[in-house]
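The values are calculated or read from the model by the stated rules, or taken from the named source; none is laboratory data. Just so we're clear, the structure is a prediction, and the values are computed from it rather than from any experiment. So basically every Cβ, Gly included, is an ideal-geometry build from the backbone, and we count neighbours across all protein chains shown.
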There are 2 protein chains.
Amino acid sequence: MNSKSLIGVVAAALLTLGTPQTQAQEVTEMKEFTLEDLNFGGTNYYNMIPGNRRLTWWGDQLVRIELNECYLVDKKTGKETVLFTVDDVNKWLEATPDQAPLHALYNARFPYGDQPLVLLQFGGERCLIDFEQKKQVWHQSSADERQASSFNTTSRNTAYVSGDQLYVRPADFGKEDIQLTTDGSREIVYGRSVHRDEFGIHSGLFWSPDGMRLAFYRMDQSMVTDYPQVNLFGHIATHEPDKYPMAGELSHEVTIGVYDVATNKTLYLKAGDPEDRYFTNVAWSPDSKTIYIFELNREQNDCRLVSYDATTGDRLAELYREIDRKYVEPFHPIEFLPWDDTKFILQSQKDGYNHLYLFDTKGNELKQLTRGEWVVLNLVGFCPSRKSIIISSNECSPIQCNTWEVSVATGKRTLLDNGEGWHSPSLSGSGHHIADNYQTPTIPRNIEIADVKTRKHTAYYESPNPWEGYKIPQFTCGTLKAADGTTDLYWRMVKPADFDETKQYPTVVYVYGGPHAHNVDARWNYASRSWETYMAQKGYIIFILDNRGSENRGKAFEQATFRRLGQEEMRDQMCGVDYLKSLPYVDADRIGVHGWSFGGFMTISLMTNYPDVFKVGVAGGPVIDWKWYEVMYGERYMDSPAANPEGYAETSLLPKAKNLKGKLQIITGYNDPTVVPQHCLMFIEECIKAGTQPDFFAYPGEGHNMMGHKSVHLHERITQYFEDWLK
Amino acid sequence: MNSKSLIGVVAAALLTLGTPQTQAQEVTEMKEFTLEDLNFGGTNYYNMIPGNRRLTWWGDQLVRIELNECYLVDKKTGKETVLFTVDDVNKWLEATPDQAPLHALYNARFPYGDQPLVLLQFGGERCLIDFEQKKQVWHQSSADERQASSFNTTSRNTAYVSGDQLYVRPADFGKEDIQLTTDGSREIVYGRSVHRDEFGIHSGLFWSPDGMRLAFYRMDQSMVTDYPQVNLFGHIATHEPDKYPMAGELSHEVTIGVYDVATNKTLYLKAGDPEDRYFTNVAWSPDSKTIYIFELNREQNDCRLVSYDATTGDRLAELYREIDRKYVEPFHPIEFLPWDDTKFILQSQKDGYNHLYLFDTKGNELKQLTRGEWVVLNLVGFCPSRKSIIISSNECSPIQCNTWEVSVATGKRTLLDNGEGWHSPSLSGSGHHIADNYQTPTIPRNIEIADVKTRKHTAYYESPNPWEGYKIPQFTCGTLKAADGTTDLYWRMVKPADFDETKQYPTVVYVYGGPHAHNVDARWNYASRSWETYMAQKGYIIFILDNRGSENRGKAFEQATFRRLGQEEMRDQMCGVDYLKSLPYVDADRIGVHGWSFGGFMTISLMTNYPDVFKVGVAGGPVIDWKWYEVMYGERYMDSPAANPEGYAETSLLPKAKNLKGKLQIITGYNDPTVVPQHCLMFIEECIKAGTQPDFFAYPGEGHNMMGHKSVHLHERITQYFEDWLK
């Protein structure tokens, strides 16, 4: 195991991060962190994270938005001039009768690159203000939009869901809203995200580019079993069930409607029987006439890109099909080239890594635009004048995210940033400028303004170190070989500020381990979670390893866990433990483990499969048996219980309850709708039967993650458990 | 505070119980208890409790029932002869076609004193076997009787509830069952206990003495709110709500029907509007024509004994009325003198203590039969030839239960037992003989056969000490003054077998503290719960004090807590703690507290009102705020939330969550239908808000008390918590 092979950026970090031992004298005079400092929801949290700038593009002009002002940012110098203030807007609005005052500019948007218009939503209205003419030029009610809403900047029509019914609110202020549905209910769901937010779905309203046609999801979940949930917060508790399709059970049925504003008619795409099928990644053709959808079978191994005539609902063509022995997961809608309505970009990891492919609308794959043992992380946008695509990828390093320009003609890639760290680019209207917001392991946050053509960068903002004056732990990063003997896995380690390698430290493995997530990247402090800093301060070493099955490493890496979730992941994590045990300063008799959700599943898996290794564990919202998890995610990775009984049996923690030896605290949101409490409670039931003694805590009213200040309480609880039993 | 005033029987006990220090050498070679030995549900539990004999009367003949034999017991010598065996019965039954074999005699009864008949229920049948003629003489189906049933030995009719409907099964085997109701449901409940088992109600079927009329409860609970409960044990959890009337909320409505077998007609007693009224303690006149009921208003301070004509339902008369400033709690049906159908016994604590009163059927109180600062614990029965009543009372000592004969003519009381300990008498058919089953602090169990007339006792059975060979802790008992400065309160203490008064011991206060219960009595080892022995073995002192509000001490003692549950109780418990602190061998820095139900409420009350006194607590199934407790019990002691807002506010533990300082583990049955989980979960919610950190555990599927082997797991858990944090 080549556990010392630190990557370049990490080695650099080691030189600059942390507090060298020789300065220990100074360290003792510095401040200590509290959970209120470090924890999301803590009272001092926002002072302790890197500073940032809220930026948006007005065409090719960069605007900084603050509470009370909007500034124009000079892209060449970074200098700012006030565009307008809250007071300005309120003054301009004096002419408008009954207009509630504007209190903040935080939600200001500049959707029209060629017009001096700011879009604001306040006082129950959505309005456009001309900041040159200094007056409101358009407004629309924004009432009743809480369940869901989507505003189209072209037509200025808004679609929204209220009382479970779907409405369209016309751009004209006086015109009455049009009610599109009457049978909406908790069983018939309109205009909202479907398929439990899997397959990249986060919304159920899709305006055509011209804003004159609205595609929307309709989900019939009347056949889906209720999971009973108890709302404890009334005078008397009440039953508030959730529709929860468990693996192998009847699932909901989704169809896609299209409402035509001009004809005031609604039709449904003629996609056939919706039973046991997924309809994802809705995209419109630039002419607003055709809809493209990825359609996936319930087994999730056969995916087709299908086009529909939005004016008739007719199925036009199957443009692409991808079959995989394990699973295909369509995650990105197709995107048309802005300069050629006949061609679009499709993302697929069919060659083993997520890459871009150029297709024409007849379904011909014209070329693979990117290729290599790295993944396209994001299609940021286009630069039409250069006929190029701006992407984020981890080509520089598996733990980095950098911005590249890809020539559609040649496929040539040009790095647009400094090649370090983790970049979150924001592209201007023309695609010529980028607000390049990034972190590196040693840089809390910088923002530069980049020119795509010249690749020149203008410094705009550098966050001060928010931890200045505090005793900062030591953050390191490296790789080790996976249990397959060949794959490099990335880890990070957090050591106490006054780390002394001649001492032996209690060590906690923090683990997630599931798909679609990674924990080690080249952000500030390697994206260390603030609790790790807290624990390091308390005298622990914290170790985090991204095992096989985690994201951004390609299909084989991710699919290594197929049908046996947790098994390869554990083997990899045990490679991490072997590495820890090889370190003289890790106390092998004091190793703990903590994780949430999939990480909770991993925590209990590790505690019960390796009862002599892990002395203490804290598992939050743990999956216990995949049969109780939802259809979409569950069957993708595990197939159905009927198809894969061995896999479900092998991975279930119920028969492992008897193995529990160390101290294990299980924590759940009492109303967790994601990993329902049946998981942890039935594990506890098995422990009771077996005579083992896990500890348990529940957060009343909370879901899968503790929100707000409850997160502080939670992390105090987790910390104390290790303090009580591992120290 | 006169904390040393041990009562007589206790002083005697001190001399004989426990292991003197000088024998410490021997002690170390003796066996240690395990929770499997000590705990109900433990695998060795039944070997570790005092032996017993299952006895029943066949007229004036005493019968001992074993698994395979019934013995006749000679009352003069205690000698036994076999009456018949299981094999006998099965042989006699060979003549009966299709009769399933009998496996055990445990449920044998001898209801006809003058006939050689044994009543047995097995193989889906109820049958009478003549053990002289050696054949079955009568049988009846016993199918479908699971929801409720009542067999009348005179008519041999059976009433039962099946599928929520009420049926009468005629004595004749061939005759079809008669269905009395059709609208039974979870909302309309027939023939079962009503008013949530308060007011001494445990059943809903009441045969007239001749077995030809059936009085039954009908409860309409359609207006009662559901408390949501989740059944976790299906493949997918399901909602299984309980009707739960919370204090101040709409309550169920109860009426009483009467079915007449002869006329095959059902009528309802004309008792008026049932809203907010309680109908309790149904009794029949000896001639089966009149029904007597105690009727109580919702405020529970105005109680009337009312008679009804069972043939018409007409209200006949109000025979007695009792009003109390705090509350009246009718707990015993009237009982007619067997030798005079015009007179009955009524029990009341109207003079301050529960006593017997002789009434005639016109409602005249003829005389008070018993009187004194002690209570009648039980009306055991009558001796018609001596015109006397056999009672149990605590006249000898507040912690004893002894058997007395009371002359109806003179009120003269004659002690029928040895005047020690706790006696459970069973009276023969004529009332001339008593099977006197008793314990004292030093006697595990003796059974004697007593003659009421001669008061002579025949020794019949002495249980061996089931703890022979074990290291037995020291059990002591005493009194101390309550917080009112005058009332004697009884306590018991359990000390380690190798107790050394020069050492300092961690001490756990076990508390219940609520009404209708007491923890200290003159049974074996002062009725010490076996967990106390386990804790003493682990090196703790355990202390239990019956505070004011507990039972058997008279009305003023019980009602001291009215409208402020927990407050006086805490003051008394703190007197106990003061006493503990005065003892050199109690470590005042290591005092813990543990209790369940009302005792869980007391535990958290003490932990949060005296956060510097109690270092560790374990609270099971705790009431947190009386607004979430049921109407009947809750409003009796607390009035309604609207009538007593100050009392509810004062006693609520929600605002005390912030005071939590010591280690507190809260444990609940996840499906507790008595103290619903809303209590402890909302306390936890308040702790989370306040930033305090209670621990929590839930037993999936369990109710208010853990059953079977889960109780072993529970007590291991409770013990470990004190081991972890108090030792």
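Name the pairs: first residue in region A:310-329 and small (Gly, Ala, Ser), second residue assigned to a loop (DSSP other than H, G, I, E, B), Cβ to Cβ under 6 Å, at least 6 apart or on different chains?
Going by the 6 Å Cβ cut-off, the qualifying pairs are A:ALA310/A:LYS289; A:GLY313/A:LEU269; A:GLY313/A:LYS270.
Any residue at all in region B:637-655 that's touching a helix residue (DSSP H, G or I) at 6+ places or on another chain (Cβ under 6 Å), assigned to a strand (DSSP E or B) and surrounded by 23 or more Cβ atoms within 10 Å (Cβ to Cβ)?
So far as region B:637-655 goes, no, none of its residues is touching a helix residue (DSSP H, G or I) at 6+ places or on another chain (Cβ under 6 Å), assigned to a strand (DSSP E or B) and surrounded by 23 or more Cβ atoms within 10 Å (Cβ to Cβ).
Just wondering, is there one or more residues in region A:402-411 that are buried (at least 23 other Cβ atoms within 10 Å of the Cβ) and in a loop (DSSP other than H, G, I, E, B)?
Scanning region A:402-411 turns up no residue that is buried (at least 23 other Cβ atoms within 10 Å of the Cβ) and in a loop (DSSP other than H, G, I, E, B).
Within region B:441-499, track down each residue that is of a type in the set (Ser, Thr, Tyr) and either assigned to a loop (DSSP other than H, G, I, E, B) or farther than 20 Å from B:ILE49 by Cα (or both).
Of everything in region B:441-499, those that are of a type in the set (Ser, Thr, Tyr) and either assigned to a loop (DSSP other than H, G, I, E, B) or farther than 20 Å from B:ILE49 by Cα (or both) turn out to be B:THR442, B:THR454, B:THR458, B:SER463, B:THR479, B:THR486, B:THR487, B:TYR490.
Go over the candidates A:ARG126, A:ARG146 one by one and state the one that is buried (at least 19 other Cβ atoms within 10 Å of the Cβ) and among the charged types (D, E, K, R).
A:ARG126
Given A:GLY174, A:GLY184, which one is buried (at least 16 other Cβ atoms within 10 Å of the Cβ), without any contact (Cβ under 8 Å) to a residue 40 or more places away in the chain, assigned to a loop (DSSP other than H, G, I, E, B) and outside the structural domain of A:VAL261 (by TED's automatic domain parsing)? Please lay out each step first, then the result.
Details: A:GLY174 fails: buried (at least 16 other Cβ atoms within 10 Å of the Cβ).
Result: A:GLY184 is the single residue among A:GLY174, A:GLY184 that is buried (at least 16 other Cβ atoms within 10 Å of the Cβ), without any contact (Cβ under 8 Å) to a residue 40 or more places away in the chain, assigned to a loop (DSSP other than H, G, I, E, B) and outside the structural domain of A:VAL261 (by TED's automatic domain parsing).
Any chance you could count how many residues in region B:677-700 are more than 7 Å from chain A (Cβ to nearest Cβ), buried (at least 21 other Cβ atoms within 10 Å of the Cβ) and either in contact with a Pro (Cβ under 7 Å, 6 or more places away or on another chain) or among the β-branched types (Val, Ile, Thr) (or both)?
The total comes to 3.
Scan region B:212-231 residue by residue and report those that are more than 14 Å from chain A (Cβ to nearest Cβ), farther than 19 Å from B:GLN179 by Cβ and buried (at least 20 other Cβ atoms within 10 Å of the Cβ).
B:GLN221
Please state which of the following conditions A:MET706 fails to meet, knowing it meets all the rest: (1) closer than 27 Å to A:ARG196 by Cβ; (2) modelled with pLDDT of 95 or more; (3) crowded, with 20+ Cβ neighbours inside 10 Å.
Looking at each condition in turn, A:MET706 falls short on (2).
Name the one entry in B:GLN121, B:GLN140, B:GLN115, B:GLN136 that is free of Cβ contacts under 8 Å to residues at least 24 places away in the same chain and assigned to a strand (DSSP E or B).
Going through B:GLN121, B:GLN140, B:GLN115, B:GLN136 in turn, the sole match is B:GLN121.
Per-residue answers, yes or no, for (1) surrounded by 19 or more Cβ atoms within 10 Å (Cβ to Cβ); (2) out of contact with any Phe, Trp or Tyr (no Cβ under 9 Å at 6 or more places or on another chain); (3) more than 14 Å from chain B (Cβ to nearest Cβ); (4) modelled with pLDDT of 95 or more:
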| position | (1), (2), (3), (4) |
| --- | --- |
| A:PHE233 | no, yes, no, yes |
| A:ALA237 | yes, no, no, yes |
| A:THR266 | no, no, yes, yes |
| A:GLU275 | no, yes, yes, yes |
| A:SER285 | yes, no, yes, yes |
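What is the residue count in region A:673-700 for residues that are assigned to a loop (DSSP other than H, G, I, E, B) and under 27 Å from A:ILE591 (Cβ atoms)?
Here is the first cut: in region A:673-700, the ones assigned to a loop (DSSP other than H, G, I, E, B) are A:673-677, A:691-694, A:700.
Narrowing further to those that are under 27 Å from A:ILE591 (Cβ atoms): A:675, A:691-694.
Total satisfying the criteria: 5.
Given the options A:SER528, A:SER597, A:SER605, name the one that is crowded, with 24+ Cβ neighbours inside 10 Å and polar (S, T, N, Q).
Being crowded, with 24+ Cβ neighbours inside 10 Å and polar (S, T, N, Q) holds for just one of A:SER528, A:SER597, A:SER605, which is A:SER605.
Does region A:565-578 contain at least one residue that is outside any helix (DSSP H, G or I) and either without any contact (Cβ under 8 Å) to a residue 24 or more places away in the chain or surrounded by fewer than 24 Cβ atoms within 10 Å (Cβ to Cβ) (or both)?
Checked against the condition, which is being outside any helix (DSSP H, G or I) and either without any contact (Cβ under 8 Å) to a residue 24 or more places away in the chain or surrounded by fewer than 24 Cβ atoms within 10 Å (Cβ to Cβ) (or both), region A:565-578 yields no hits at all.
Find the residue count for region A:351-399, including only residues that are part of a loop (DSSP other than H, G, I, E, B), of a type outside the set (Phe, Trp, Tyr), in contact with an Asp or Glu (Cβ under 7 Å, 6 or more places away or on another chain) and surrounded by 17 or more Cβ atoms within 10 Å (Cβ to Cβ).
Residues that pass the stated criteria total 1.
Of the residues B:THR263, B:THR255, which single one is in contact with a Lys or Arg (Cβ under 7 Å, 6 or more places away or on another chain), more than 30 Å from A:GLU240 (Cβ to Cβ) and among the polar types (S, T, N, Q)?
Result of the check over B:THR263, B:THR255: B:THR255.
Scan region B:627-656 residue by residue and report those that are more than 13 Å from every other protein chain (Cβ to nearest Cβ) and of a type in the set (Val, Ile, Thr).
The one that is more than 13 Å from every other protein chain (Cβ to nearest Cβ) and of a type in the set (Val, Ile, Thr): B:THR651.
Could you go through region A:288-309 and let me know if any residue there is out of contact with any strand residue (DSSP E or B) (no Cβ under 8 Å at 6 or more places or on another chain) and at pLDDT 95 or above.
Yes: region A:288-309 contains one or more residues that are out of contact with any strand residue (DSSP E or B) (no Cβ under 8 Å at 6 or more places or on another chain) and at pLDDT 95 or above.
Which of the following residues is closer than 25 Å to A:GLY703 by Cα, buried (at least 24 other Cβ atoms within 10 Å of the Cβ) and either of a type in the set (Phe, Trp, Tyr) or outside the structural domain of A:ASP242 (by TED's automatic domain parsing) (or both): A:ILE591, A:ILE666?
On the way: A:ILE591 fails: closer than 25 Å to A:GLY703 by Cα.
Within the list A:ILE591, A:ILE666, the selection yields A:ILE666.
Go through region B:253-278 and give me each residue that's aromatic (Phe, Trp, Tyr) and touching a residue at least 60 places away in the same chain (Cβ under 8 Å).
Step one: filter region B:253-278 for residues aromatic (Phe, Trp, Tyr), giving B:259, B:268, B:278.
If the condition is that a residue be aromatic (Phe, Trp, Tyr) and touching a residue at least 60 places away in the same chain (Cβ under 8 Å), then B:TYR259, B:TYR278 are the ones that fit.
This table checks each residue for (1) in contact with a strand residue (DSSP E or B) (Cβ under 6 Å, 6 or more places away or on another chain); (2) in a loop (DSSP other than H, G, I, E, B); (3) facing chain B (nearest Cβ under 9 Å).
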position: A:LYS658; (1), (2), (3): no, no, no
position: A:LEU664; (1), (2), (3): yes, no, no
position: A:ASN671; (1), (2), (3): no, yes, no
position: A:VAL712; (1), (2), (3): no, no, yes
position: A:HIS715; (1), (2), (3): no, no, no
position: A:ILE718; (1), (2), (3): yes, no, no
position: A:GLU723; (1), (2), (3): no, no, no
